[in-house]
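Okay, so here's the structure we're looking at.
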Amino acid sequence: LLAIIALTGNSQKDSLTTRKIFNTALLSNQIYEDLGVLCKESPGRLCGSDNAAKAINLLSGMLKDAGADTVYLQECMVRKWDRGKIEKCLVSSKSGGTFETDICALGGSVSTPEKGITAQVIELKNFDDLAKAGKEKINGKIVFFNQPLNPEHYYTFNAYGEFAKLRVYGAKEASAYGAVAVIVRSMTLKTDNQPHTGIMRYKDAAVQIPGAAISTVDADRLSLSLKNDSALTVSLTLDCKELPEVPSYNVIAEIKGSEFPDEYIVAGGHTDAWDNGEGAHDDGAGCVQSINILRIFKQAEIKPRHTLRIIMFMDEEVDQRGAKKYAESVSQKKEKHILALESDRGGYTPHGFSMEISKELYEKVIQWKKHFLMYGVWFFEIGGSGVDVGPLAKLGIPCMGLVTDSQRYFDIQHAPSDTFDKVNKRELQLGSAAMATMIWFFDQYFAQ
Ligand SMILES: [Zn+2]
């Protein structure tokens, strides 16, 4: 178990080091340049894709350049889903004529027949509505889940979390009532023409029906059209498909610890990104912020006492194979981990950390908060950490997720609009500095 070596430490040294870490981060543009390269040279790097393989190479190079002692790959098998080229959704109504909507296939969806699926539409809000409508009203129709996210949540991740299941399990649930396809309102609070993809799961569904996301503008338009003509039809055509699994890799980089080389502090983000955008905020930002921790330590001439391990996880979006593989290896090798920190909430202004740690440890960590406050980093709360470090939390390892200003994240998440130009350089640098500082505190004051 964790024990404090020197809890109070030297407060002056703590604040000077924090200053040094933030200065170093704010004076270097490399993190921003790295993100630009990743976004432009390997956009849409969905697991199993050519661009994912390219990203693995790019990130390995960046980790070496940032000052890693060693960079190596850890193999894992990943699913390979291909979006195809056809994503078409035509609405035909007596009163409103015919119009095309902005849609995209949901990740993991089966295709439609070549000619598409043409059917009437039933608009519902949730899974309870399925039961209320019953087989009679749903059979043979396309189910349109038109549930806007609730804007009352301050933390937009909570708004997303509330209804994301409509996207993930909508097809599985609706198929049980005889639906022939589902169209899901994009999981965003923004009103625009961007369809937002994301994973869907069939689980044990007897029939696998296609699933697509529709932009919020067109969801409103379709809903209005249905009010005027409930017998309108939609023709949906998708040619996505699932290919055999292929090998892929986590990228792991290390700086050896000077005093505890066999004890690890982990930071990371995920290499893969949805295939319809550049994956700038999700999660290119988390990758380059984690890489930049090595650069900060090198440039600020801070020698870690424990081994720093920076991980570019593969396949967060589809099946988390990289995260599972890493945790499996940690548990097999019985590697001691002091902390695992993830950044996967966009490269926005850092607010702090959501901590999946014991109350006892929290009482220690909270004492460092005063050093973060002047950099706008104030959120120190017990809560979930993140999807990629999640399997490590299950092993009892203290885990954290960087918490950012979430107001704009779901404007662009999983959409073509998640591009490099949406990332602010200073916000990105500050997030990396906040991570590096938390890591420094753990490195200074903890040993197992
Ligand atoms: Zn992500």
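The values are calculated or read from the model by the stated rules, or taken from the named source; none is laboratory data. No experiment lies behind these values; they were computed from the predicted model shown. Using ideal geometry, Cβ is built from the backbone for each residue, glycine included, and neighbour counts are taken over all protein chains shown.
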Condition check for V377: assigned to a loop (DSSP other than H, G, I, E, B), within 20 Å of the chain's Cα centre (by Cα) and among the aliphatic types (A, V, I, L, M): no
Positions within region 313-341 being of a type in the set (S, T, N, Q), on the phi > 0 side of the Ramachandran plot and more than 16 Å from the ligand (Cβ to nearest atom), in sequence order: none
Scope region 256-271; condition crowded, with 24+ Cβ neighbours inside 10 Å and away from the ligand (no atom under 16 Å from the Cβ); matching residues: I265, V266
Residue within region 281-295 that is crowded, with 23+ Cβ neighbours inside 10 Å, within 16 Å of the ligand (Cβ to nearest atom), modelled with pLDDT of 95 or more and under 26 Å from V110 (Cα atoms) present: yes
Residue check, E242 surrounded by fewer than 24 Cβ atoms within 10 Å (Cβ to Cβ), away from the ligand (no atom under 15 Å from the Cβ) and either basic (K, R) or in contact (Cβ under 8 Å) with a residue 24 or more places away in the chain (or both): yes
Qualifying residue in region 107-127 (condition: under 25 Å from G347 (Cα atoms) and within 23 Å of the chain's Cα centre (by Cα)): yes
Members of region 154-174 that are in a helix (DSSP H, G or I) and either touching a strand residue (DSSP E or B) at 6+ places or on another chain (Cβ under 8 Å) or in contact (Cβ under 8 Å) with a residue 60 or more places away in the chain (or both): T156, F157, A159, Y160, L166, R167, V168, G170, A171, A174
Failed item, numbered, when I366 is tested on (1) among the aliphatic types (A, V, I, L, M); (2) more than 16 Å from the ligand (Cβ to nearest atom); (3) under 25 Å from E254 (Cα atoms); (4) surrounded by fewer than 24 Cβ atoms within 10 Å (Cβ to Cβ): (3)
Matching entry among I338, I382 (being touching a residue at least 24 places away in the same chain (Cβ under 8 Å), touching a strand residue (DSSP E or B) at 6+ places or on another chain (Cβ under 7 Å), more than 20 Å from N250 (Cβ to Cβ) and β-branched (V, I, T)): I382
Strands (runs of 3 or more DSSP E) within region 35-116 that include 1 or more residues among the aromatic types (F, W, Y) and either on the phi > 0 side of the Ramachandran plot or modelled with pLDDT of 95 or more (or both): 70-82, 97-100
Any hit, region 303-311, residues being among the β-branched types (V, I, T) and within 16 Å of the ligand (Cβ to nearest atom): yes
Hits in region 389-426 - residues which are away from the ligand (no atom under 16 Å from the Cβ) and buried (at least 22 other Cβ atoms within 10 Å of the Cβ): L392, I397, P398
Filter pass, D344 being outside any helix (DSSP H, G or I), more than 24 Å from I21 (Cβ to Cβ) and either more than 19 Å from the chain's Cα centre (by Cα) or within 12 Å of the ligand (Cβ to nearest atom) (or both): no
Residue tally, condition acidic (D, E), surrounded by fewer than 17 Cβ atoms within 10 Å (Cβ to Cβ) and within 30 Å of P247 (Cβ to Cβ), over region 78-128: 1
Selection within region 263-291 - under 16 Å from G346 (Cβ atoms), of a type outside the set (F, W, Y) and in contact with a His (Cβ under 6 Å, 6 or more places away or on another chain): D283
